[in-house]
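The values are calculated or read from the model by the stated rules, or taken from the named source; none is laboratory data. Being a predicted model, the structure only gives us computed values, none of them experimental. Glycine also receives a Cβ, built like all others from the backbone with ideal geometry; neighbour counts cover every protein chain displayed. The accessibility values were calculated without ligands, DNA or RNA, using every heavy atom of the protein model including side chains. Shrake-Rupley method; radii C 1.70, N 1.55, O 1.52, S 1.80 Å.
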Amino acid sequence: MSGPERIVCLTEETVETLYLLGQEHRIAGVTGYAVRPARVRREKPRVGAFTSADIPKILALAPDLVLTFSDLQADIARALIAEGVEVHAFNQRDVAGILRMIRTLGRIVDCAGAAEALAVSFEERLAAVAAEAGTGPRPRVYFEEWDDPIITGIGWVSDLIEIAGGTDCFAHLRGCTAAKDRIIPPEAVIEAAPDVILASWCGKKVRPERIAARPGWETIPAVAQGRIHEIKSPLILQPGPAALSDGLDAICAALTARTAD
């Protein structure tokens, strides 16, 4: 076997990708948030959360590569590099970036062919969904990533809304990688008048009744028609295979449902 043999994955999407590539035997440890596939919870040691990690526990696993994501894990990466560990930091923020991550990870583990096939399968499915959605009306969609302060969706979420046949009310913010740059006032959502509200509050259950009860929001078409839908965060808030498969399916289902689940 060539390529790294003891990989620690500090975000969910690289875990799922390695399993889909049939390379789970290379995984020595995973983030505590890894839930896909379900058996990962039984099979792999958990070494930390998203912005925190147990450095001694990671080192005890003797990794020959640690996979991280974004500037939010920069301090973890720095600590591991200082210990002589090889680290690769992915930074995908849109659908194109997710597909690029899959291909890059495939090359890292010497499975470029399988990764290319996986990426192409996603590309074909995305194209098929977009083609089918393009034949119908395009509802205006507001995606809420957090409730206090109100934060709207990042790039890959905005991309998937449009692939599913919606129009992202705040698409102009999709390129803002930092959550603080996607904070919007409640009045902006009222003015945007979305037909559908999608929400995924990372780490906690969405409360549609709280969204509907916000002052002035009763005039929003999505609220008036009861079209407020939760999308579970593991499906949509990690930029990997889950978002391109079950996450996209959840968006499609919400856009065609007439009332909230």
Review point. Within straight cross-link reach of Lys57, meaning Cα distance under 13 Å, which aspartates and glutamates are found once same-chain residues fewer than 8 apart are removed?
Key: Glu83
Check your understanding: Expressed as cubic angstrom per residue, what is the convex hull volume of the alpha carbon set of the stretch 33-178?
Key -> 141
Point to revise | Å² of accessible area per residue within the stretch 1-140, as computed with a 1.4 Å probe and no ligands counted | key: 47
Check your understanding: Under a straight-distance cross-link criterion of Cα-Cα below 16 Å, which lysines are reachable from Lys232, leaving out those fewer than 8 residues away in the same chain?
Key -> Lys204, Lys205
Practice item. About the Cα centre of the stretch 144-261, how large is the charge dipole given +1 on each Lys and Arg Cβ and -1 on each Asp and Glu Cβ? Please answer in debye to the nearest 20. Key: 240
Check your understanding: Of the heavy-atom accessible surface of the chain (probe 1.4 angstrom), what whole percent is carbon and sulfur?
Key -> 55
Exercise for review: Please give the length that would be gained between Ala60 and Gln225 if that part of the chain were fully extended, namely 0.36 nm times their separation in residues minus their C-alpha to C-alpha distance (nm, one decimal).
Suggested key: 54.0 nm
Revision key, fill the gap. Of the candidates Pro241, Val223, Ala188, the farthest towards the positive dipole end of the stretch 178-261 (Lys/Arg Cβ +1, Asp/Glu Cβ -1, centred on the Cα centre) is Pro241
Check your understanding: Dipole size in debye (nearest 20) for the stretch 10-126 around its Cα centre, Lys and Arg Cβ +1, Asp and Glu Cβ -1?
Key -> 320
Revision key, fill the gap. When the chain is treated as a Gaussian network with springs between alpha carbons less than 10 Å apart, the largest mean-square fluctuation among Thr104, Thr152, Thr17 is found at Thr104
Check your understanding: About the Cα centre of the stretch 64-116, what is the dipole size in debye to 20, counting +1 per Lys and Arg Cβ and -1 per Asp and Glu Cβ, all else neutral?
Key -> 220
